[in-house]
1. Name the one entry in 93, 81, 75 that is open to solvent by less than 30 Å² (accessible area, probe 1.4 Å), part of a loop (DSSP other than H, G, I, E, B) and more than 10 Å from the ligand (Cβ to nearest atom).
2. Being part of a helix (DSSP H, G or I) and closer than 25 Å to residue 4 by Cα narrows it down to one of 254, 250, so name that one.
3. Determine the pairs where a residue that is without any contact (Cβ under 8 Å) to a residue 24 or more places away in the chain, located within segment 251-276, has a partner that is open to solvent by less than 40 Å² (accessible area, probe 1.4 Å) and in a helix (DSSP H, G or I) with Cβ atoms under 8 Å apart, the partner being 6 or more residues away or on another chain.
4. For residue 266, state whether it is closer than 18 Å to residue 15 by Cα and more than 16 Å from the ligand (Cβ to nearest atom).
5. When you look at residue 43, is it over 30 Å from residue 120 (Cα atoms) and out of contact with any Leu (no Cβ under 6 Å at 6 or more places or on another chain), yes or no?
6. If we keep just the residues of segment 248-294 that are among the basic types (Lys, Arg) and in contact with a strand residue (DSSP E or B) (Cβ under 8 Å, 6 or more places away or on another chain), which is surrounded by the fewest Cβ atoms within 10 Å (Cβ to Cβ)?
7. Touching a residue at least 24 places away in the same chain (Cβ under 8 Å), part of a loop (DSSP other than H, G, I, E, B) and away from the ligand (no atom under 15 Å from the Cβ): is that true of residue 40 in this structure?
Amino acid sequence: MNSEKTLHVGSPNIGELEAFWERAQFIFQEKWLTNRGKLVQQFERELAKFLGVKHCISMCNGTVALEIAIRALSLEGEVILPSFTFIATAHALQWQEITPVFCDISPDTFCIDPCKIESLINPKTSAIVGVHVFSRPCDVDALQRIADRHGLKLLFDAAHAFGCSYGAKTIGGFGNCEVFSFHATKFFNSFEGGAVTTNDDQLAEKIRLMQNFGFAGYDNVVHIGTNGKMTEICAAMGLTNLENIDSFLRVNKRNYDLYREKLSGLKGLELMCFDEAEKCNWQYIVVEVEETFPLTRDKLMEKLHRENVVARRYFWPGCHRMQPYRSKMQSLGQRLSITESLSSRLLVLPTGTAVGPDDISRVCRLIAECN
Ligand SMILES: Cc1ncc(COP(=O)(O)O)c(C=O)c1O
């Protein structure tokens, strides 16, 4: 039995607990647990400021945030998105009887490839959903040009990209709106949580109504809606973690640099790079296991798991190979060659504030042993 500490991908980044307990006490003094309390209001104000966007509507999680954004934008028919994403991006569409049309990704960004979108557009297409994968932004300008040319809506799933930028502008204000997840595994978490951010006043108003059953005041429902509300205790965690974001960033960057140093020179293993001119949260340590590496990606993962290093295959096998899409869209793999190839070769390694320099040395030693 291996007695070494277990390292996970996505261990939570947790800020100063004193500040969190103070906020928790405040919640119990106020006796206001949910329904747009003072902490949720403060959380939304501070997030909007941090992201440089006019409106931030907090949510109970990123999936419901996606569902509400999709509905508020009146999407219908078909929507183009990458298959190389977490399943929630596709499910949020299919949940509302909208057909996800999977597009291949660019080998440079791992995000949706703008050159492959236009051939998928037809009269039923209502939107494009870009996903900023592993902290790296989509080619936002190219996507906006295509959306404008064809009169399509443009939505971004920014679950991986909190605190990142595109063209030196913080992600959050692009397209019609952007959607964040503050799940415990994300760079920035509120236990569970999410948000929709936008600069569009009317859209923001609609999303806010939809997030709270359509209530426009006591006893006055003016719109169809659901329950997408964030609780006060989640906002307390979010506010606390927001205060500590710089220290999370410092640890992640240090970890990334250590991985870079210790993995450099290994044959057949490529660490994913970031554009140093952009802001990045450094939350994803992604290696590409090439054919020249002595073990396959899956064999390497099995070895790491045996040694209590829970590396993960993101996004394996791609949404198009999961249900219900796999049955509906057989042979789609041929169109998604980059997705298929990368999803079989990428491995995500542990980082975050729970992972220290010695842990990274251990992980890298285990990988180097195979070389
Ligand atoms: C790309 C992506 N989209 C959507 C989600 C869904 O967010 P949540 O888990 O907060 O519902 C996640 C993560 O969980 C994700 O990684």
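1. Going through 93, 81, 75 in turn, just one is open to solvent by less than 30 Å² (accessible area, probe 1.4 Å), part of a loop (DSSP other than H, G, I, E, B) and more than 10 Å from the ligand (Cβ to nearest atom): 75.
2. The conditions single out 254.
3. Once the first residue is without any contact (Cβ under 8 Å) to a residue 24 or more places away in the chain and sits in segment 251-276, its partners that are open to solvent by less than 40 Å² (accessible area, probe 1.4 Å) and in a helix (DSSP H, G or I) give 271/259; 271/263.
4. no
5. The answer is no for residue 43.
6. For segment 248-294, the residue satisfying everything is 260.
7. Against the criterion (touching a residue at least 24 places away in the same chain (Cβ under 8 Å), part of a loop (DSSP other than H, G, I, E, B) and away from the ligand (no atom under 15 Å from the Cβ)), residue 40 does not qualify.
Condition check ((1) touching a residue at least 60 places away in the same chain (Cβ under 8 Å); (2) within 16 Å of the ligand (Cβ to nearest atom); (3) surrounded by fewer than 21 Cβ atoms within 10 Å (Cβ to Cβ)) across all residues:
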{"site": "107", "(1), (2), (3)": "yes, no, yes"}
{"site": "123", "(1), (2), (3)": "no, no, yes"}
{"site": "134", "(1), (2), (3)": "yes, yes, no"}
{"site": "138", "(1), (2), (3)": "no, yes, no"}
{"site": "141", "(1), (2), (3)": "no, no, yes"}
{"site": "149", "(1), (2), (3)": "no, no, yes"}
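The values are calculated or read from the model by the stated rules, or taken from the named source; none is laboratory data. These numbers were taken from a predicted model, which means no experiment stands behind them. Note that each Cβ is placed from the backbone with ideal geometry, even for glycine, and that neighbours are counted across all protein chains shown. Remember, those area values only see protein heavy atoms, side chains included, never the ligands or the DNA or RNA. Shrake-Rupley method; radii C 1.70, N 1.55, O 1.52, S 1.80 Å.
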